[in-house]
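Here the structure is laid out as structure tokens; the discussion comes afterwards.
The values are calculated or read from the model by the stated rules, or taken from the named source; none is laboratory data. Note that this is a predicted model, so its numbers are computed, not measured. Neighbour counts are summed over all protein chains in view; Cβ atoms, including those assigned to glycine, are modelled from backbone coordinates with ideal geometry. Remember, those area values only see protein heavy atoms, side chains included, never the ligands or the DNA or RNA. Shrake-Rupley method; radii C 1.70, N 1.55, O 1.52, S 1.80 Å.
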Amino acid sequence: VSRVIPVDTFDLVIFGGTGDLARRKILPGLYRRFQAGQMPEGARIIGAARSEMDAEGYRAMIREAIEEFVPEEKRVNAPLDGFLAQLDYVAIDATGTGGWDRLAEMMRADVVRAFYFSVGPALFGALAERLHDHGIANEQSRIVVEKPFGRDLESAGKLNRTLAQHFDETQIYRIDHYLGKETVQNLMAVRFGNVLFEPLWNSQYVDHIQITVAETVGIGGRGSYYDKSGAMRDMVQNHLMQLLCLIAMEPPSRFEPDSVRDEKLKVIRALDPVRPDDIVRGQYAASGDTGSYRDDADNPDSRTESFIALKVNVSNWRWAGTPFYLRTGKRLKARASEIAVVFKDAPHSIFGEEAGRHRNILSIRLQPNEGMTLGVTIKEPGPGGMRLIDVPLDMTFADALGPEGEDVPDAYERLIMDVIRGNQTLFMRGDEVEAAWAWTDPMIEAWEEDGRRPCSYEPGSTGPEEAQILMHRAGRRWREIK
Ligand code: NAD
């Protein structure tokens, strides 16, 4: 079932190769591609970071990371040594001169060169400049940049211009790992590969859409960073926005980077400003042995939101009158991400109201158990007369793909292979990122100006009561978080 599409051989340099993201996601992901047989012979991964160490030291560090982050049963029959042999290391100073000549010498001709900027955005400019000045990057080279991509329109624009001094837009891969998820891509296959859905995919048939990204964790060790950001900047502007775009966009003429990204951009530009009444911001309270948001942020007067719910209108021909409800937060009841397309009631019930009525809901789950279900109304089996029940048509991918289904590549590994292939379809373009900030900025400015406090909510709940009211006002209900 799982086919491995070969990629060209490459030199992948990971700036910040000793950091948390590199050890937790990037290198374990590359190891899984190695296991799957997708790492070409001769491919090299070069860690580049501040610490002084040699290649052996780096291999030992990454061995430990993989042993920690890839479960043992997933490592059987997988020659970790073989993978580690493809690693190299260079100590480098992003803002100085140390290490750059050495890196330049290490680069090979005739292989794909990719540079992963797994460092804070403050270093992007320095890295881009040095890659260019030392002749390390060539016209075919690619750079991968992580979130956060700015904290508002101004800073994102500045970052874009900085990178543009040395790299063409076709060389810049802004990563949003939500777009690398199997289900997200399957969403496009389901929408555009079947005749069933697209004719119904509009305000005539869809009552509303819900996008939920719920986390159980608090802000933990990221408190000082998170407190300057909040749920809107950290989650909505990027991840939820990208999901909204894929649901709402017009069919691109081809599954090609700019066709897809042009359509996504049009969606972002069609978003109305959200009315203050349609925004609910929350902060988790203390409970039992866990501290409150303010404790975790170490800021007793913090007004940053750890939860946000929004009612968003996409003002275009397809969606006028069908709201998109977005919700995301920390310390909620369960870790669950879902997109739900809630269709309208059938126009008339021939069975009478007592038979029961159910709406069709297409649920696209990103985690846990990636997959889709479509709620369909059928007759309750048995002799009880015509009573209607709702049953899910289940498209859980692990089942659909058979025993190999569980080895579906994770988002990071898939996206890194796309970088090597030179396919930007699942990466955000600079103008998309800026348009998303242009939409969020005025909302953030407005609540920062009026100084309103977020509503408090209980840890382990579904968020503040006010978020329920946002839905109830329109006679709707949030989907359960489970
Ligand atoms: P980290 O602090 O754990 O690691 C930073 C890395 O950068 C280290 O390898 C360090 O040696 C290197 N570095 C710092 N200054 C340097 C310099 N002057 N010269 C050379 N190397 C230098 O950070 P992280 O958590 O791995 O995050 C890296 C980037 O990825 C950040 O932009 C972060 O916002 C983003 N990100 C991280 C995560 C995550 O889960 N950790 C998730 C999404 C995005």
Subject >> Residues satisfying the stated conditions in the range 73-97, i.e. open to solvent by 60 Å² or more (accessible area, probe 1.4 Å) and under 14 Å from ARG32 (Cβ atoms) >> reply: GLU73, LYS74, VAL76, ASN77, PRO79
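Name the one entry in GLY37, GLY29 that is without any contact (Cβ under 8 Å) to a residue 60 or more places away in the chain and farther than 20 Å from TRP100 by Cα.
Numbers: GLY29 fails: without any contact (Cβ under 8 Å) to a residue 60 or more places away in the chain.
Step by step, each of GLY37, GLY29 is checked, and only GLY37 is without any contact (Cβ under 8 Å) to a residue 60 or more places away in the chain and farther than 20 Å from TRP100 by Cα.
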Subject >> Set ARG142, ARG174, ARG151: member being within 16 Å of the ligand (Cβ to nearest atom), open to solvent by less than 60 Å² (accessible area, probe 1.4 Å) and modelled with pLDDT of 95 or more >> reply: ARG174
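Examine the range 30-51 for a residue that is within 16 Å of the ligand (Cβ to nearest atom), part of a helix (DSSP H, G or I) and in contact with a strand residue (DSSP E or B) (Cβ under 9 Å, 6 or more places away or on another chain), and state whether such a residue exists.
Step one: list which residues in the range 30-51 are within 16 Å of the ligand (Cβ to nearest atom), which gives 30, 45-51.
With part of a helix (DSSP H, G or I) added as a condition, the list becomes 30.
Checking the rest, the ones that are also in contact with a strand residue (DSSP E or B) (Cβ under 9 Å, 6 or more places away or on another chain) come to 30.
Among the residues of the range 30-51, at least one is within 16 Å of the ligand (Cβ to nearest atom), part of a helix (DSSP H, G or I) and in contact with a strand residue (DSSP E or B) (Cβ under 9 Å, 6 or more places away or on another chain), which makes the answer yes.
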**OP:** Say whether the condition of being assigned to a loop (DSSP other than H, G, I, E, B), open to solvent by 20 Å² or more (accessible area, probe 1.4 Å) and at pLDDT below 95 is met by at least one residue in the range 116-123.
**Re:** yes
**OP:** Go through (1) without any contact (Cβ under 8 Å) to a residue 60 or more places away in the chain; (2) of a type outside the set (A, V, I, L, M); (3) open to solvent by less than 10 Å² (accessible area, probe 1.4 Å) and name the single condition GLY329 misses.
**Re:** (1)
Subject >> Residue that is nearest to the chain's Cα centre (by Cα) [pool: residues in the range 300-346 that are part of a strand (DSSP E or B) and more than 13 Å from ILE211 (Cα to Cα)] >> reply: PHE307
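Going by the structure shown, is TYR89 within 13 Å of the ligand (Cβ to nearest atom), at pLDDT 95 or above and within 23 Å of the chain's Cα centre (by Cα)? Quick ask: steps written out before the conclusion?
Values: within 13 Å of the ligand (Cβ to nearest atom): yes; at pLDDT 95 or above: yes; within 23 Å of the chain's Cα centre (by Cα): no.
No, not satisfied.
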Original post:
How many of the residues in the range 1-21 are at negative phi and within 16 Å of the ligand (Cβ to nearest atom)?
Top reply: 9
Original post:
Taking only pairs six or more apart or across chains, which ones have beta-carbon atoms under 6 Å, a first residue in the range 147-174 that is more than 10 Å from GLY430 (Cα to Cα), and a second residue that is among the polar types (S, T, N, Q) and within 16 Å of the ligand (Cβ to nearest atom)?
Top reply: LYS147/ASN238
Original post:
What is the number of the single condition among (1) open to solvent by 80 Å² or more (accessible area, probe 1.4 Å); (2) within 27 Å of the chain's Cα centre (by Cα); (3) more than 11 Å from the ligand (Cβ to nearest atom) that ARG24 does not meet?
Top reply: (3)
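Filter the range 189-215 for residues that are within 16 Å of GLN283 (Cβ to Cβ) and not aliphatic (A, V, I, L, M) and give the result. If you could, list the steps in order and put the result at the bottom.
The initial filter retains those residues of the range 189-215 that are within 16 Å of GLN283 (Cβ to Cβ), namely 214-215.
If the condition is that a residue be within 16 Å of GLN283 (Cβ to Cβ) and not aliphatic (A, V, I, L, M), then GLU215 is the only one that fits.
Looking at ALA65, ALA49, ALA43, ALA55 in this structure, which one is open to solvent by less than 40 Å² (accessible area, probe 1.4 Å) and touching a Lys or Arg at 6+ places or on another chain (Cβ under 8 Å)?
Exactly one of ALA65, ALA49, ALA43, ALA55 is open to solvent by less than 40 Å² (accessible area, probe 1.4 Å) and touching a Lys or Arg at 6+ places or on another chain (Cβ under 8 Å), namely ALA65.
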